[in-house]
Each structure stands twice: as structure tokens, then as C-alpha cells.
Amino acid sequence: MTTCKGKLLLVEDDKNLGFIIKDFLEMSDYHVILMEDGKTGLDAFRKGSYDLVLLDIMLPHIDGFTLAEEIRKADSEIPFIFMTAKTMKEDKYMGFRIGADDYITKPFTTEELKLRINAVLRRVKKSSSKSNKYTIGNYTFDFSSHLLSACDFERQLTRREAELLQMLCLNMNNVLRRDVALKAIWGEDDYFMGRSMDVYITKLRKLLSGDPSISIVNIHNTGFRLEVKNKG
């Protein structure tokens with residue numbers, strides 16, 4: 001799995017501009033889903049998991065402002081940037097009132113757009129020490145939605161898979177004791193529950209196998225350790 005800076009939803013009805021932005025950002029290690037109108041953009045957002053949304057304002061079917069409001073209803077935390085040919089102050093004010101993280105006026109350079117995206121994502125990363133979201137190598141794990149995702153991967157976890165992965169994340173690079181995990185998730189510590197937990201550990205290893213820097217190590221007679229090697 002190649003290093004990925006984030007998964008972006010781009011909603012832009014100008015086909016040429018959309019493809020130029022998508023190609024440039026993908027060359028810069030972003031994974032980009034491109035939609036050409038507000039309706040398909042909203043459908044794509046509801047079906048996927050994204051780190052940031054790029055929105056044109058003048059869109060067919062659902063305009064960018066309305067689309068942003070619908071996205072905010074579904075996820076109050078997702079950052080987004082408006083891209084628009086409109087230069088009226090009222091439109092900028094409207095965008096920021098809805099909750100835009102940034103606003104870029106066309107024509108703009110792809111390099112400027114990339115710098116703005118990087119700045120927004122840096123800010124979001126700093127402020128999102130909400131312990132419901134975890135970074136595991138190239139993966140993002142959202143415990144509240146039980147969603148494990150990477151640039152080209154998405155998996156809805158079962159309740160027990162999510163609870164076990166959360167406990168591993170909370171003890172990342174340290175040992176998670178078997179008895180502690182069994183009592184917290186399965187309610188008791190016995191042989192059969194232990195075998196059940198081993199099956200779930202195997203499932204999680206497979207799900208995280210796309211990133212070789214991640215491993216779940218078995219600590220004999222003690223528990224497990226989720227290890228993430230520093231790529232730097």
C-alpha cells in the first residue's frame with residue numbers, strides 16, 4: 001500500500017478542470033473521488049469515508065451551498081473547501097457561515113489548492129485528538145461508525161471487531177492483556193471466550209495486512225500488542 005495523505009471527495013461539474021485537479025492531487029499522494037453534480041456528490045459522501053471535501057458552488061441538481069449543508073448534517077466534523085468563480089463577498093460569507101474551512105476563487109493554480117488542502121488537514125489533525133478516531137499506519141479507524149478505511153480500502157467492522165481494535169489502539173505499541181480484553185468485550189475470561197478472541201485477532205490482522213508497518217504481535221500467555229513501525 002503506497003503512502004496516502006488523505007481521501008478527498010471532489011465535486012466539480014467542469015469535466016476538464018475536475019480531471020486536472022484529480023490527476024494533480026493523485027500525483028501528490030491523495031486519493032480522489034470525482035463527482036460532477038451535487039446529487040451524485042451527496043450519494044458518494046453518504047457511501048464513503050473522506051478526510052476532506054472540495055466543492056464547486058455552481059453545481060447541477062444540488063448547488064454547492066446546499067450540498068455543504070447536507071454534508072454537515074451527516075458529519076459535523078468533515079472539513080471542506082469551496083472552489084468558485086464567484087467573487088462576491090456575500091458568497092464568501094455564506095460559505096463560511098455554513099462552516100467552510102477555506103474558500104478558493106477560480107482561476108487558481110493546482111499548487112495553491114494543494115497547499116490549502118495540506119493546511120486544512122494539518123489543522124484538523126491537530127484538533128481531532130477526539131479519541132473516537134485513530135490513525136493506524138495508513139489506516140483510519142472511526143470507532144463511532146465502526147469504519148476502518150484507507151485510500152483504496154473501506155470495511156465496516158462488527159461491534160466486537162471494533163471494540164477489540166479500539167482497545168488495541170488505546171494500548172498501541174504496549175501490551176493489551178488477554179484477561180482485560182476478554183472481561184471488557186466478552187464479559188468473562190474463559191477458554192472458549194479466549195478462542196473466540198483469537199479468531200477476531202486473526203480477522204484484524206488480515207484487515208490491516210495492506211500496510212506492512214502494522215503488526216499485531218502475540219505476547220505468550222499475556223496478550224497482544226498492536227505495533228506500528230515509524231516510517232520516517
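The values are calculated or read from the model by the stated rules, or taken from the named source; none is laboratory data. All values derive from a computational prediction rather than experimental measurement. In this analysis, Cβ positions are derived from the backbone assuming ideal geometry, glycine residues included, and neighbour counts consider all displayed protein chains.
For the reader, a short list of remarks on this structure follows.
- For residue 114, the requirement of being under 21 Å from residue 29 (Cα atoms) and modelled with pLDDT of 90 or more is met.
- Identity of the residue in segment 197-217, exposed (fewer than 14 other Cβ atoms within 10 Å of the Cβ) and of a type in the set (S, T, N, Q), that ends up farthest from residue 159 (Cα to Cα): 209
- Residue check for residue 198: free of Cβ contacts under 8 Å to residues at least 60 places away in the same chain and among the acidic types (Asp, Glu): yes
Residues are listed down the side, and each one gets a yes or a no for (1) crowded, with 17+ Cβ neighbours inside 10 Å; (2) closer than 21 Å to residue 78 by Cα; (3) of a type outside the set (D, E, K, R):
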residue: 141; (1), (2), (3): yes, yes, yes
residue: 145; (1), (2), (3): no, yes, yes
residue: 159; (1), (2), (3): no, no, no
residue: 168; (1), (2), (3): yes, no, yes
residue: 172; (1), (2), (3): no, no, yes
residue: 178; (1), (2), (3): yes, no, no
residue: 184; (1), (2), (3): no, no, yes
residue: 189; (1), (2), (3): no, no, no
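- Sole residue being of a type in the set (Asp, Glu) and more than 22 Å from the chain's Cα centre (by Cα), chosen from 77, 69, 90: 90
- Test: residue in segment 97-115 that is on the phi > 0 side of the Ramachandran plot, in contact with a helix residue (DSSP H, G or I) (Cβ under 7 Å, 6 or more places away or on another chain) and touching a residue at least 12 places away in the same chain (Cβ under 8 Å): yes
- Count - residues of segment 1-33 that are touching a strand residue (DSSP E or B) at 6+ places or on another chain (Cβ under 6 Å), closer than 14 Å to residue 110 by Cβ and without any contact (Cβ under 8 Å) to a residue 60 or more places away in the chain: 5
- Scanning segment 34-59 for residues that are in contact with a Lys or Arg (Cβ under 6 Å, 6 or more places away or on another chain) and either in contact (Cβ under 8 Å) with a residue 60 or more places away in the chain or small (Gly, Ala, Ser) (or both) yields one hit, 51.
- Of all residues in segment 161-193 being at pLDDT below 90 and charged (D, E, K, R), the one that is nearest to the chain's Cα centre (by Cα): 183
- Residue count for segment 135-164 satisfying the condition of being at negative phi, out of contact with any His (no Cβ under 8 Å at 6 or more places or on another chain) and either among the hydroxyl-bearing types (Ser, Thr, Tyr) or without any contact (Cβ under 8 Å) to a residue 40 or more places away in the chain (or both): 9.
- Filter result for residue 40 (among the polar types (S, T, N, Q) and either at pLDDT 95 or above or over 24 Å from residue 138 (Cβ atoms) (or both)): yes
- Filter result for residue 106 (of a type in the set (D, E, K, R) and touching a strand residue (DSSP E or B) at 6+ places or on another chain (Cβ under 7 Å)): yes
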